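**Q** Handing you a structure now.
The values are calculated or read from the model by the stated rules, or taken from the named source; none is laboratory data. Computed from a prediction, not measured in an experiment: that's the story for all the values here. Cβ placement follows ideal geometry from the backbone for every residue including glycine, while neighbour counts extend to all protein chains displayed.
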Amino acid sequence: MLNLAQLDFETVYDTYHPKILRYLSRLTGDSEAEDLAQEVFVKVSRVLGTFRGESQLSTWLYRIATNTAIDKMRSSSFRQNTRAGTLDDACDTGSRDIWTGEETPSLEQTLLEKDRFNCYISFVRKLPVNYRMVILLSEVEQLACNEIAEILGLSQETVKIRLHRGRTRLLQELKKHCKPEEWL
């Protein structure tokens, strides 16, 4: 992790841009994510010197990203893109990773994983935004409840309730529409 003495914009951008872009993509759709990420990092470049370290840098960045996305979603020009998110294309031709020696998944396994993930993300995007944000921050970005609470300006109890309700809704929709038996 970065300490306050190391905070220069280029380092922050290089470290966090992929994570923020992924989060925004899952929250608003791919068509909006790049522009929003650019807007987030323009804001960050302007106020980076004011970061006091009272929270983790990542928490502060996700807060800026969340607020930027909420502002965009509230605007009259925003139209939610309903296309499912995608994973990076995999084009593995060998059966072992050349660096680790571990067995790599087959193309069929990779495509099945991609289908599962796309199904999951398509239903996450249909959740109300208050549930969608906590699900994405918890499940995709793998942040703890206290970090999510700080990012969203909520109590930890509210985050836990929204996570539970969001997961319950998501599970109901996944059971109705995604066919896990086809993934085996």
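**Q** Please indicate, with yes or no, whether at least one residue in region 9-21 is modelled with pLDDT under 90 and hydroxyl-bearing (Ser, Thr, Tyr).
**A** no
**Q** On the basis of being at pLDDT 85 or above and either of a type in the set (A, V, I, L, M, F, W, C) or touching a Ser or Thr at 6+ places or on another chain (Cβ under 8 Å) (or both), does ALA65 make the cut?
**A** In short, yes.
**Q** If you take the residues in region 16-53 that are among the hydroxyl-bearing types (Ser, Thr, Tyr) and surrounded by 16 or more Cβ atoms within 10 Å (Cβ to Cβ), which one is farthest from LEU136 (Cα to Cα)?
**A** Applying the filter and picking the extreme gives TYR16.
**Q** When the residues of region 148-169 are filtered to those that are in contact (Cβ under 8 Å) with a residue 40 or more places away in the chain and under 27 Å from LEU57 (Cβ atoms), which remaining residue is surrounded by the fewest Cβ atoms within 10 Å (Cβ to Cβ)?
**A** By that ranking, first place goes to GLY153.
**Q** Let me ask something else. I need the helices (runs of 4 or more DSSP H) fully contained in region 106-173, keeping only those with at least 1 residues that are under 23 Å from GLY29 (Cβ atoms) and of a type in the set (S, T, N, Q).
**A** Values: elements: 107-124, 129-135, 145-152.
Output list reads 107-124, 129-135.
**Q** If you go through region 115-122 one residue at a time, do you hit one that is among the hydroxyl-bearing types (Ser, Thr, Tyr), crowded, with 17+ Cβ neighbours inside 10 Å and modelled with pLDDT of 90 or more?
**A** So far as region 115-122 goes, no, none of its residues is among the hydroxyl-bearing types (Ser, Thr, Tyr), crowded, with 17+ Cβ neighbours inside 10 Å and modelled with pLDDT of 90 or more.
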